[in-house]
Amino acid sequence: MISIGALVLGLLIVGAVTAMLLKRQLREKYAVLWLVIGLAVLLLGIFPEALLWLTLALGFQLPANLIFTLAITLLLAASLHLSYELTRSEERLRRLAEETAIARLAQSRLEADVAELKALARNRQITDDE
Amino acid sequence: MRSMGAASERLLIIVPAWNEANNVGATVAEIRATLPDADIVVVDDGSTDDTGLVARSAGAEVLTLPYNMGVGGAMRTGYAYAQRHDYDAAIQVDADGQHNPEDIARILGGLESADISIGARFAEVGTYQASGPRRWAMLFLAGAISRIARTKLTDVTSGFRAANRRAIDQYVTYYPAEYLGDTIDSLVAALHANLTVTQVPVAMRPRMSGNPSQGFIGSAVYLARSIFAMSLAVVRRPMRGRA
């Protein structure tokens, strides 16, 4: 007996992740987790018996309990991972902001020096012309 | 235009400033009058007022951050600049006028015996008063860091601090932007990296304009946050390499 709901959900996840990967909207390192989840849902849709068997084997009272436990654990792990990645990219952003500030000052100094040199060269040309 | 002094010891004065257009001009002018040979760099921490403009016309170099990053972010930018331009020492002076430029030379004197020298309130000089949870927080932090530093420190949250080359390198490697991380965590990380710290007693002046924060609840939150920041700082492993 195939579970249509789980099948559709699994297909949707796998389809969406694949589409985003192809459009370069998702990096591989994040895609792997979602592909695994999508495939797991897909498998459960095709073999719902596997869920019943797992429920018994792991000692859960109801299949729904197992599903919810798995879902919550996965979501927690996924959001923790995102916070980790966010922290890392914030730190990198900080380095970049520092670099732009230093580069900006260096550039404005150079511009001032160049303007000074240009004025000097112009003055010399005028005196040469005379 | 550039005032790269010919003196053997090159000093950079780092002034972090966020919306301090009212104070930064006077602060820079006062520093220049006190220490004509030092280079001053104001780190404009994403100000929305004329802080950068005022600082520049007062005669400081200005590092402009694209958005507000907090004192920690501003200071690491300053230390990165100091490292890039090969300064021998750098000292943080707040833009709001609380730090007296007259004390800079004395705090730098502390670098003869240590890598980091802190200008400390409470050290029997001046009239700085704190009470309630805020005072407990400062005592707790001072006690905890003194144990790690194996020297008596009374005011570890003071931003008025000087760094030699070793400390500048350390700060560039690790200087958190987090609240309290900029003073506490950076100091503990430096101690873990075997740098030495000393303190010099100074008096703090009242802010020139604008008002300091905090009632009782604010101080209580401050206490909780300092315990949290301190615990993290102590347990953390020394940082290796850049993020």
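The values are calculated or read from the model by the stated rules, or taken from the named source; none is laboratory data. Quick caveat, the model's predicted, so the values are computed rather than measured. As a convention, Cβ positions derive from the backbone with ideal geometry for all residues, glycine included, and neighbour counts pool all protein chains shown.
Just a few scattered comments:
- Residue match in the range A:96-113 (condition: away from chain B (no Cβ under 12 Å), aliphatic (A, V, I, L, M), over 18 Å from residue B:46 (Cα atoms) and in a helix (DSSP H, G or I)): no
- Conditions (1) within 14 Å of chain B (Cβ to nearest Cβ); (2) more than 34 Å from the chain's Cα centre (by Cα); (3) surrounded by 11 or more Cβ atoms within 10 Å (Cβ to Cβ); number of the one not met by residue A:120: (3)
- Condition check for residue A:61 on (1) in a helix (DSSP H, G or I); (2) more than 27 Å from residue B:67 (Cβ to Cβ): one failure, at (1).
- The range B:76-96, subset within 17 Å of residue B:157 (Cα to Cα) and more than 10 Å from chain A (Cβ to nearest Cβ), residue nearest to the chain's Cα centre (by Cα): B:92
- The range B:47-71 - residue that is facing chain A (nearest Cβ under 9 Å) and not hydrophobic (A, V, I, L, M, F, W, C) and, of those, surrounded by the most Cβ atoms within 10 Å (Cβ to Cβ): B:64
- Scope the range B:166-196; condition more than 15 Å from the chain's Cα centre (by Cα) and assigned to a loop (DSSP other than H, G, I, E, B); matching residues: B:193, B:194, B:195, B:196
- Filter result for the condition that a residue is touching a helix residue (DSSP H, G or I) at 6+ places or on another chain (Cβ under 8 Å), modelled with pLDDT of 90 or more, of a type outside the set (D, E, K, R) and within 30 Å of residue B:85 (Cβ to Cβ), over A:110, A:66, A:105, A:11: A:105
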